[in-house]
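First the structure, in the form of structure tokens, and then the observations on it.
The values are calculated or read from the model by the stated rules, or taken from the named source; none is laboratory data. These numbers were taken from a predicted model, which means no experiment stands behind them. Cβ coordinates were reconstructed from backbone atoms using ideal geometry, including for glycine residues, and neighbour counts include every protein chain displayed.
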Amino acid sequence: MVSRVIPVDAFDIVIFGATGDLARRKILPALYRRLVAGQIPAESRIIGAARTEQTQKQFQASVAKALDEFAPESKGQPKIVTLFLSMLDYYPINTDDTKAWKRLATAVKTNANPIRAFYLSVAPSLFGPLAKGLADSGLADESSRIIIEKPLGHDLPSAKALNAELRAYFDESQIYRIDHYLGKETVQNLVALRFANALFEPVWNARHIDHVQIAVSEDIGVGGRGGYYDTSGAMRDMVQNHLMQLLCLTAMEPPSRFEPDAVRDEKLKVIRSLGPVDPADVVRGQYAAAGGQKSFLEDVENPDSRTESFLAMRVSIENWRWAGTPFYLRTGKKLKKRVSEIAIFFKDPPHSIFPDETVRDNNALIIKLQPEERITLYTTVKEPGPGGMRLIQVPLDMTFSDLHDEETVNVDAYERLILDVIRGNQTLFMRGDEVEAAWAWIDPIEERWRTKNDRPKQYDPGSSGPEDALMLMHRDGRRWRDLGA
Ligand code: BG6
């Protein structure tokens, strides 16, 4: 099935940090692909802004290179590449250079496009100064939207300070906080599955669900981001945002409508219902060296680092729906496989009418985001054949690939999210109070680690994490889903 493409209104997007990695890898290729899809009107303008002094031509040449690398299909599309490059402009900027702001403001204002988005693809310390610069140069009007991305603070006080800094110049309805996990196709499908079907909702609670596992595992290490990662760790880098968002969408009550504040109110309630975490319910790890590859400590160049590259934890949601159903979160670098999934494990049938047959596993609903997007319902059925009543568990596979043309399957989260900004739809973006609530829950856990100063456990690269993480589950009479499954 070919997906419907509804063009957005023409817009101007200014990308601060346009020469940086995120812009080259994600933002510019995303805009290019939406242009190819026919969703972006050609009168739109993409204005790069960064400290680097360069001309429009030089910027165009560097974007052409970025497309070659990160949207390689563009090599066979010379006409559309030319069109895309013609939509680009560039303005060098320093936050304290009033003349540069004036030039940028004049360029933006001379255009008739009513929608203006400002993507702050820069270090968070620049969010405030850029927001102020936009306001001082008259660019923060009602048509303006700003887009920012994590780290959105590193604890509650810094997140509050950041929110206050932005809200001094922009209304909350103009601030788009990206969590790229919310732009993934299957994440939205989870919402459709839960709330567009009558089938799941009646069993979506502690009476019927034994436990939930949310896993985001990666097979790569921290790469060249050691400096950042050592100040962050898996908790701040992954749990505070991506896993938290997956947990919220899995656990939230039905919003009255699929509208920004209705959805975000429900997510906020989930975060505020999270119980304090018992230290015995957390396992932290650091990957060891192996096969000539560096250990975590070597990668972050800090032999004394207490930062975790792996985290497994048991989390409780203290409300009527979920009391008694643990949520297990697991994330880490250099694990067995790159997998992101939410696994819902249902309880045993109340009574087995098959006394001679052990049902091997209970029903489980696996919502896989990566590497492939798929929803699978494990069901117990009779083993085919005349040999009596033997039970086996089979996957009822709800792969949606037949529904999608290849292009839809490959739509990157940034394509969807950037266009949502242009449409003015905040549903898939985090509200300031959600971010603060997540930090409020995490801060005491981080604080405990800081005071105890324990070394995270070592684990082998390519494994499923430290042994202790297995114990965490065994102790509860459960087991982790195989990351390779
Ligand atoms: C980023 C983290 O937010 O998400 C990275 O900072 C991580 O450390 C990445 O690698 C994972 O994203 P994805 O979409 O590849 O699962």
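Structure values in brief
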| quantity | calculated |
| --- | --- |
| Listing of helices (runs of 4 or more DSSP H) fully contained in segment 94-169 that carry 1 or more residues being under 18 Å from Asn241 (Cβ atoms) and hydroxyl-bearing (Ser, Thr, Tyr) | 156-167 |
| Residue in segment 36-59 that is under 19 Å from Gly424 (Cβ atoms) and among the small types (Gly, Ala, Ser) present | yes |
| Checking Ala251 against (1) among the hydrophobic types (A, V, I, L, M, F, W, C); (2) touching a strand residue (DSSP E or B) at 6+ places or on another chain (Cβ under 6 Å); (3) modelled with pLDDT of 95 or more; (4) over 17 Å from Trp322 (Cα atoms), the condition it does not meet | (4) |
| Asp261 over 23 Å from the mean Cα position of the chain (by Cα), more than 16 Å from the ligand (Cβ to nearest atom) and of a type outside the set (Lys, Arg) | no |
| Complete set of residues in segment 222-235 that are of a type outside the set (A, V, I, L, M), near the ligand (Cβ under 9 Å from one of its atoms) and under 22 Å from Asp155 (Cβ atoms) | Arg225, Tyr228, Tyr229, Ser232 |
| Selection status of Ala206, assigned to a helix (DSSP H, G or I) and away from the ligand (no atom under 16 Å from the Cβ) | no |
| In segment 428-473, the residues that are surrounded by 15 or more Cβ atoms within 10 Å (Cβ to Cβ), outside any helix (DSSP H, G or I) and over 20 Å from the mean Cα position of the chain (by Cα) | Pro456, Lys457, Gln458, Tyr459, Asp460, Pro461, Ser463, Ser464, Gly465, Pro466 |
| Check on Leu329, touching a helix residue (DSSP H, G or I) at 6+ places or on another chain (Cβ under 6 Å) and modelled with pLDDT of 95 or more | yes |
| Every residue from segment 474-485 that is acidic (Asp, Glu) and more than 25 Å from the chain's Cα centre (by Cα) | Asp476 |
| Restricting segment 379-393 to residues that are surrounded by 12 or more Cβ atoms within 10 Å (Cβ to Cβ) and hydrophobic (A, V, I, L, M, F, W, C), the residue that is nearest to Ile353 (Cα to Cα) | Leu391 |
| Odd one out for Asp219, checked against (1) more than 12 Å from the ligand (Cβ to nearest atom); (2) over 24 Å from Tyr378 (Cα atoms); (3) of a type in the set (Asp, Glu); (4) not in a helix (DSSP H, G or I) | (1) |
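Yes or no, residue by residue, for (1) within 29 Å of Pro279 (Cα to Cα); (2) in contact with an Asp or Glu (Cβ under 8 Å, 6 or more places away or on another chain); (3) of a type in the set (Phe, Trp, Tyr):
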| site | (1), (2), (3) |
| --- | --- |
| Thr307 | yes, yes, no |
| Tyr328 | yes, no, yes |
| His351 | no, no, no |
| Val381 | no, no, no |
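Listed here are the residues, each with its yes/no results for (1) buried (at least 22 other Cβ atoms within 10 Å of the Cβ); (2) of a type outside the set (D, E, K, R); (3) within 25 Å of Ser173 (Cα to Cα).
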position: Ile27; (1), (2), (3): yes, yes, yes
position: Arg34; (1), (2), (3): yes, no, yes
position: Ile40; (1), (2), (3): yes, yes, yes
position: Ala64; (1), (2), (3): no, yes, no
position: Pro78; (1), (2), (3): no, yes, no
